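Step one of this worksheet: look at the structure below.
Laboratory data are not the source of any read-out in this text; all were calculated from the coordinates shown. Remember, it's a predicted structure, so these values are computed and weren't measured experimentally. Quick reminder, even Gly has a Cβ in these numbers, built from the backbone with ideal geometry, and neighbours come from all protein chains shown.
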Amino acid sequence: MSLADPALLAVGLLLAVALAWAAVAVARRRAAALASAGVAAGGPGRGRGRLAGVWLTIAGVAVLAVAVAGPAASVPVSHASGTVILAMDVSGSMAATDVAPSRLAAAQQVAESFINAQPDTVDIGVVAFQQGGLEAALPTADHSTAAAAVGRLTAGGGTSLGDAILASLSAITRRTVTLGRDGSAPDIGYWPSATIVLFSDGQDESGAASSGTDPETSAAASVAEKAGVRIDTVGVGTTAGTTVEVDGYHLFTALDEATLKSISQATDGTYHPASDASQLDGVASSINLRLTITREPLPLAGAFIALALVLLAAGAVLTVTRTGRVV
C-alpha cells in the first residue's frame, strides 16, 4: 500500500496518540479523585463500556488519519495494450490483380479495418518497405495518423522482408536496429507487448518466388523472437499467381506462403492466408493482440473513511448509552 501524503498520516496518528494519552490521564485522575473521596467508581461493566466508547472513538480518528493520507493499493489489471506495427509491402508485385482490385489495395483495406478495430490503449505505427524498410508513421495512439499513412501507399520497387522486420523493430524501440556485419543479432531488450503485422506476398527483391527464407530474413526474425515481439503475417495474393509489369518488364508473381509461414512460426506468430478480398476482410478480426498485465493504483481512502465512520459511530453509541453524554 502506498500513501499520497504520509505527512498527513503522521499528523493524524500524533493526534490519536494525544487523545489516547489524554483519555488515560483523565481516567486515572477520575479514579484517584473518587478513591480519595471514598466513592466507589461504578460497576465494572459501566466502566468498561465508557472506556470502550472512548477507545473506539480514538481508533476511528486513527483510521481517518490513514484515509486523509490518500492510501492506494497496486493491483494487476489486464487489458489489450502495447504497440502494433503494420509492415506494408509496396513492392511492384503488390500491383498484381489476382486479388481485386489489387494486392496492395486489398491489403490497405484490411489494414484500415484493423486500425479502426483497435482500442485507444494500442499505439499503431506503419512501415512501408520496398528496397529496405521505410518508416512511414511512428507508433501513436492517434490511429488516424496510421490510417492516413496506409492510405497514401503506392506500389513500386523491390522487397526485402528482413529489412521490413528490422525497420518495424526500429519503430518499436525508437532506435535503429541493424544486423551485425557477420549477421549477428543485436540485443534490443524485451518488448512482449509489441506485435508486427506484416502484409506481403512473400516475394523477394527480384520479384520471383523464393525457394525458402533467406538468411537475412531469418536473422531479422530471430531478433524479433529474442525481443518477445510476435510477427503475424498476412499473405496477399494467390498461389496460382499472375503476371505484373514492373519497370517495363512483365514478371510472374505468386504468393509465397512458405516464407511468410516461416517468419510467423519463428516468432510464435500466426500466418493468415488471404487469397481474395472476402478472406482479407476477416483477417482483422482473426489477429489477436496479447493481453498485458499492468499494475494500477486502487484508491482506498473511501474504504478507510467508511471504517472510521463505523468506529466513531460505535464509540458515540457506547458513550451515550453508558454515560448519557455524547463526550
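Protection proxy ranking, highest mean first, for peptides 7-14, 136-143, 233-240, 87-94: 87-94, 233-240, 136-143, 7-14, where packing is the per-residue count of other beta-carbon atoms within 10 Å, averaged.
Packing order of peptides 113-120, 19-26, highest average first: 113-120, 19-26 (average count of other Cβ atoms within 10 Å over each peptide's residues).
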